[in-house]
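The values are calculated or read from the model by the stated rules, or taken from the named source; none is laboratory data. Just so we're clear, the structure is a prediction, and the values are computed from it rather than from any experiment. Every residue, glycine as well, gets a Cβ built from its backbone with ideal geometry; the counts of neighbours run over all protein chains shown. Just so you know, the surface numbers come from the protein's heavy atoms only, side chains and all, with ligands and any DNA or RNA stripped out. Shrake-Rupley method; radii C 1.70, N 1.55, O 1.52, S 1.80 Å.
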Amino acid sequence: MNFEEILGHHLLDHAYSPLFTKGGFTLVVSKHSLTLWSVAAILTAVLSIAARARSGAGLMLRTGVESMVLYIRDKMVGPIFGHDTEAYLPYFLTLFFFILGCNLWGLLPGSSAVTGNVSVTAALALCTFLLINLSGLWKHGLLAHLQHFVPGGLPLAMAPLIFAIEVIGMCAKCVALCIRLFANIIAGHIVSLAFLCMIFIFAQFGQVVGLGVAPLAVGLALFAYALDLLVALIQAYIFTLLTALFVG
């Protein structure tokens, strides 16, 4: 049994068919791209049902979604953006539910952990980088936004150095967002798979040994899986909160 091959099959993206080729670039339909589209479609349907539900199971769904929406509005976005909360709230709600949906999808048997793909988390971090700067330009204008990178009272000779440090710091925040989400999601999947692979590793010493290790390995894998459920929610919360702080 090749543990590396199992990891690659579960965590890496796999191309299915090319859509078009332009110059040296080829856009393909891949396992992860289909997953992203599927999660977006499912979230659109589920949240639409929750918004319109009036009774039964739909009302229970609506209550759960509303509690999360109100928490994000009143505890995360509102205290940071104040009067601008309503303008920014749709983005942060979309960000939270999309990351949560992708994280949970990756826990389904045979599914793909798209937030364990650094390209996906890098794209989300790039959205944060763009929002930081575009919101600054919208709120303050170009000159005032650039002046935020250089604290007042500095000697003129130090301004270029401080400006460069601040720009690097802003980029580092976005890179940290990318790596934090990617690392936490992929680590959980690696741990779960590693526990299950223990059965086959010990089975090489004998079938009885493998069967003896199986209950412990499965128990540890289930424990790691339960932690992954919690991590899926926590990482969506952390990414959304840090994005709000950086933009704010």
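Of the solvent-accessible surface of the chain, computed with a 1.4 Å probe over protein heavy atoms with every protein chain present, carbon and sulfur atoms account for 73 percent.
Take every Cα pair under 8 Å whose residues are at least 6 apart in sequence, average their separation, divide by the length of the chain, and the relative contact order is 22 percent.
Where does the Debye-calculated log10 I(q)/I(0) of region 132-227 sit at q = 0.16, 0.19, 0.23 Å⁻¹, using only Cα point scatterers of equal weight, no solvent? Evaluating at q = 0.16, 0.19, 0.23 Å⁻¹ gives log10 I(q)/I(0) of -0.77, -0.93, -1.08. Per q in 0.13, 0.19, 0.24 Å⁻¹, report the Debye log10 I(q)/I(0) for region 91-184, using one uniform scatterer on each alpha carbon and no solvent. Each listed q maps to, in turn, -0.58, -0.92, -1.19. Centre-to-centre, using Cα atoms only, region 151-223 and region 28-77 are separated by 27 Å. Estimated at 0.36 nm per residue, the fully extended path between I42 and R73 surpasses their Cα-Cα distance by 8.9 nm.
Taking L59, L156 and ordering them by how much accessible surface each has at a 1.4 Å probe, largest first, produces L156, L59.
Accessible area per residue for the chain is 58 Å², calculated with a 1.4 Å probe on protein heavy atoms, without ligands, DNA or RNA.
Size of the dipole of the chain about the Cα centre, Lys and Arg at +1 and Asp and Glu at -1 on the beta carbon, nothing else charged, in debye to 20?
Charge dipole of the chain: 400 debye, to the nearest 20.
Each helix, a run of at least 4 DSSP H residues, gives -39500 (n - 2.57); summed and divided by the residues of the chain, these come to -26000 deg cm²/dmol at 222 nm. In terms of its C-alpha gyration tensor, region 1-159 comes out oblate, because a/c is 1.5 or above while a/b does not outweigh b/c.
Around the amide H of S30, modelled in the peptide plane, lie the amide H atoms of Y16, all under 5 Å away and 5 or more residues distant in sequence or on another chain. Computed about its Cα centre, the charge dipole of region 26-106 is approximately 260 debye, with only Lys, Arg, Asp and Glu carrying charge at their Cβ.
Placing pseudo-labels 7 Å out from each Cα toward the beta carbon at S111 and L143 gives an inter-label distance of 5.1 nm.
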